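Take a look at the structure below.
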Amino acid sequence: GSKKRRYFLAARHVIDNEPAGFLMLALLRGNPVSTFGLENSFLGAFCHVSIGRYICASYVGLFRNLIMCTNVGVLVRTVGSFDEVVASAEGRREMFINVTVWVVFFIGLFVFSRYLMVRVLPRLISEGAL
């Protein structure tokens with residue numbers, strides 16, 4: 001009901017008007033749980049975000065995916081196909097190292113994003129937005 005509507009209006013106001021809007025938009029784009037279609041329809045239909053701001057926030061939010069895909073591509077190119085990666089001891093070791101680094105990276109990113117959403121973002125939003 002009305003509580004969800006207030007949250008929606010506050011989020012739209014912050015994304016459109018507040019200095020914290022870029023941070024909120026980047027966190028929204030970097031969220032691994034939400035779907036791009038839902039985000040795009042929300043941002044396109046309800047918010048007035050400039051294309052430049054949207055592209056920059058999307059780049060910042062999706063940077064981890066870009067790095068991960070690049071890393072996997074380099075690993076497969078260096079060692080060969082995925083089957084060759086799994087078949088060789090060196091390939092398995094490299095894969096283990098990559099997976100371990102990414103798990104630590106994603107946990108750190110989740111904790112940092114949560115910190116930004118809970119501690120930093122509320123201080124940047126003006127009282128009138130809520």
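Over the chain, what percent of the accessible surface lies on carbon and sulfur atoms, probe 1.4 Å? The nonpolar share, carbon plus sulfur, comes to 69 percent.
When the inverse distances between all different Cα atoms of the chain are averaged and flipped, the Kirkwood radius reads 16.9 angstrom.
The long axis of helix 51-79 is offset from the longest Cα principal axis of the chain by roughly 10 degrees.
Paramagnetic label reach from residue 112 (point 7 Å along Cα→Cβ; backbone nitrogen cut-off under 20 Å): within region 16-40, residues 20-34. With θ taken as phi - 60° and the Karplus curve 6.51 cos²θ - 1.76 cosθ + 1.60 applied, the whole-hertz 3J(HN,Hα) list for region 35-41 is 8, 5, x, 5, 5, 4, 5 Hz, x standing for glycine and proline.
The values are calculated or read from the model by the stated rules, or taken from the named source; none is laboratory data. For clarity, every value in this text was computed on a predicted model and none was experimentally measured. Positions of Cβ are backbone-derived with ideal geometry, glycine not excepted, and every protein chain shown enters the neighbour counts. Ligands, DNA and RNA are excluded from the accessible area calculation, which covers all protein heavy atoms including side chains. Shrake-Rupley method; radii C 1.70, N 1.55, O 1.52, S 1.80 Å.
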